[in-house]
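A short write-up of the structure that comes next.
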Amino acid sequence: MKKITFLMVLGMGLCLASAVPGYGLRRDLGRDIVVAVGEAQESVFIFGGSAVVDGKVKKSVVALGGTVTISGTVEDSVVGIGAFITLKPTAVVKKDVVAIGGKLVREPGSSVGNDTVFFDLSSLVPGFMKGGARGFLSLSLVPLILIIKLISFFIWLLMTFLVAGVFPKQVASASTQIRRSFWPIFGTGILGFIIFTGLILVSALLVLILIGIPILLFVAVAALTLRVFGQVVLYHFFGESLAKAFGKQNKPSVLGASLLGLIFVSFVGFVPVIGLLFSFVVNMLAFGVAIYTKFGTTTNWFARKQASAQPPAPQAPAQPQA
């Protein structure tokens, strides 16, 4: 079980890290990708749609949903989250095949260099839907909580991939500030949470008046933006700290460290009582680090305006020539 967990973490970290823009990634949302025989592609990432690899992929194939059919060669790994993966008899995957949810089919003759990991989420979902409300009421709370946790994990997995992949510099910059200013950030988070909670309550009361609806939407979107960015920063902070604690000499990528931190925070969240307290601290830090570092910019937003508002310095009069 430990080996499977390690491979899941390693596979998601390495393969998703290879999908950062600027590394020869080919991305398609809801469309098809075909790497024909004789063609070579650096990496492939699909969000829905399908990927057919008859040629060669030099790095990894990553699929969030959709279908993946491989009959060619993948030099790195194949990772699918909720995807239908098929390895044809001529398929060659030099490293790992990791499938989380969805379906994995390995036809005879296919070659996988390291390990094949398939995590079947359907086995965790009991058949309470068959019994309707009666079956639902007879369901133990433990599997239900596990299902909710898993759904939350995959939502944050997608958010981590988007935020850390698009804003790596901002995430890394904000993460370094946590060690330098932990208590100011924590205090800022508590204050910010109280303010946003109050604004949401006031806006909810103003919903009776039409003006309260746009205010409520604006406050909710602002709070969600702060929470998502700050949470990913916390994932990077914990992931990078874990990498250093295990003596990893090479500094992990921003996306790789964030994914490792996501795994760590998710596992701690399963611990009774301690997980609840830990989640509270993480939430306050998430709000605080986003506000305190101004989304990882740590610059004065009004510096340019103040500089432009100042009148230009008078020039000294020219000296007459002799």
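The values are calculated or read from the model by the stated rules, or taken from the named source; none is laboratory data. Everything numeric here is computed off the predicted structure, so don't read it as measured data. Counting neighbours? That spans all protein chains shown, and the Cβs are built from the backbone with ideal geometry, glycine included.
When only residues in the stretch 33-71 that are of a type in the set (S, T, Y) and in a strand (DSSP E or B) count, which is surrounded by the most Cβ atoms within 10 Å (Cβ to Cβ)?
For the stretch 33-71, the residue satisfying everything is S43.
Any residue in the stretch 177-204 that is within 15 Å of A222 (Cα to Cα) sitting within a Cβ distance under 8 Å of a residue that is acidic (D, E) and in a helix (DSSP H, G or I)? List the pairs, counting only those 6 or more apart or interchain.
From residues that are within 15 Å of A222 (Cα to Cα), there are no pairs.
Let me spell it out: the conditions are (1) over 28 Å from F270 (Cβ atoms); (2) at pLDDT below 90, and P126 meets all of them except one. Which number is the exception?
Of the numbered conditions (1) over 28 Å from F270 (Cβ atoms); (2) at pLDDT below 90, the odd one out for P126 is (1).
Consider L255 carefully, then state whether it is within 14 Å of the chain's Cα centre (by Cα), part of a helix (DSSP H, G or I), buried (at least 18 other Cβ atoms within 10 Å of the Cβ) and among the hydrophobic types (A, V, I, L, M, F, W, C).
Details: within 14 Å of the chain's Cα centre (by Cα): yes; part of a helix (DSSP H, G or I): yes; buried (at least 18 other Cβ atoms within 10 Å of the Cβ): yes; among the hydrophobic types (A, V, I, L, M, F, W, C): yes.
In short, yes.
So how many residues does the stretch 261-301 have that are crowded, with 23+ Cβ neighbours inside 10 Å and in a helix (DSSP H, G or I)?
So the answer is 8.
When both residues are 6+ apart or on different chains and their Cβ atoms are under 8 Å apart, which pairs have a first residue that lies in the stretch 75-95 and is on the phi > 0 side of the Ramachandran plot, and a second that is crowded, with 17+ Cβ neighbours inside 10 Å and hydrophobic (A, V, I, L, M, F, W, C)?
G82/L64; G82/I100
S203 passes all but one of (1) surrounded by fewer than 18 Cβ atoms within 10 Å (Cβ to Cβ); (2) assigned to a helix (DSSP H, G or I); (3) modelled with pLDDT under 85; which number fails?
(1)
Being polar (S, T, N, Q) and either modelled with pLDDT of 90 or more or under 29 Å from K149 (Cα atoms) (or both) narrows it down to one residue among N250, N300, N283; which is it? Show your work before the answer.
Details: N250 fails: either modelled with pLDDT of 90 or more or under 29 Å from K149 (Cα atoms) (or both); N300 fails: either modelled with pLDDT of 90 or more or under 29 Å from K149 (Cα atoms) (or both).
Of N250, N300, N283, the one residue that is polar (S, T, N, Q) and either modelled with pLDDT of 90 or more or under 29 Å from K149 (Cα atoms) (or both) is N283.
Tell me, please, whether a residue that is farther than 24 Å from D32 by Cβ, surrounded by fewer than 16 Cβ atoms within 10 Å (Cβ to Cβ), within 21 Å of the chain's Cα centre (by Cα) and touching a residue at least 24 places away in the same chain (Cβ under 8 Å) can be found in the stretch 101-119.
The answer is no; no qualifying residue exists.
Across the stretch 155-164, which residue is nearest to the chain's Cα centre (by Cα) among those that are surrounded by 22 or more Cβ atoms within 10 Å (Cβ to Cβ) and over 14 Å from E240 (Cβ atoms)?
Among those that are surrounded by 22 or more Cβ atoms within 10 Å (Cβ to Cβ) and over 14 Å from E240 (Cβ atoms), it is F161.
How many residues are of a type in the set (D, E) and at positive phi if we restrict to the stretch 49-74? Walk me through it before giving the result.
As a first pass, look at the stretch 49-74 and keep what is of a type in the set (D, E): 54.
Retained after the next criterion (residues that are at positive phi): none.
The total comes to 0.
Could you check, for the stretch 100-122, whether at least one of its residues is modelled with pLDDT under 85, outside any strand (DSSP E or B) and over 26 Å from G261 (Cβ atoms)?
Yes, there is a match, as at least one residue in the stretch 100-122 is modelled with pLDDT under 85, outside any strand (DSSP E or B) and over 26 Å from G261 (Cβ atoms).
For the structure I just gave you, tell me whether A223 is touching an Asp or Glu at 6+ places or on another chain (Cβ under 6 Å), in the same structural domain as T188 (by TED's automatic domain parsing) and at pLDDT 80 or above.
On the way: touching an Asp or Glu at 6+ places or on another chain (Cβ under 6 Å): no; in the same structural domain as T188 (by TED's automatic domain parsing): yes; at pLDDT 80 or above: yes.
Judged against the criteria, A223 is not a match.
So which residues in the stretch 172-199 are surrounded by fewer than 16 Cβ atoms within 10 Å (Cβ to Cβ) and in contact with a Leu (Cβ under 9 Å, 6 or more places away or on another chain)?
Hit for the stretch 172-199 is F182, nothing else.
Considering the stretch 167-176 alone, what residues qualify as being among the polar types (S, T, N, Q) and touching a residue at least 60 places away in the same chain (Cβ under 8 Å)? Step through it out loud before you land on a result.
Keep residues of the stretch 167-176 that are among the polar types (S, T, N, Q), which gives 170, 173, 175-176.
Matches in the stretch 167-176: Q170, S173, S175.
Residues in the stretch 81-99 that are assigned to a loop (DSSP other than H, G, I, E, B) and among the polar types (S, T, N, Q): how many? Steps first, answer last, please.
Within the stretch 81-99, the first condition is being assigned to a loop (DSSP other than H, G, I, E, B), and the residues that meet it are 82-83, 88-91, 94-96.
Checking the rest, the ones that are also among the polar types (S, T, N, Q) come to 90.
The total comes to 1.
Do we have L217 as assigned to a helix (DSSP H, G or I) and either surrounded by fewer than 16 Cβ atoms within 10 Å (Cβ to Cβ) or small (G, A, S) (or both) here? Steps first, please.
Details: assigned to a helix (DSSP H, G or I): yes; either surrounded by fewer than 16 Cβ atoms within 10 Å (Cβ to Cβ) or small (G, A, S) (or both): yes.
Yes; evaluated as a whole, the condition is true for this residue.
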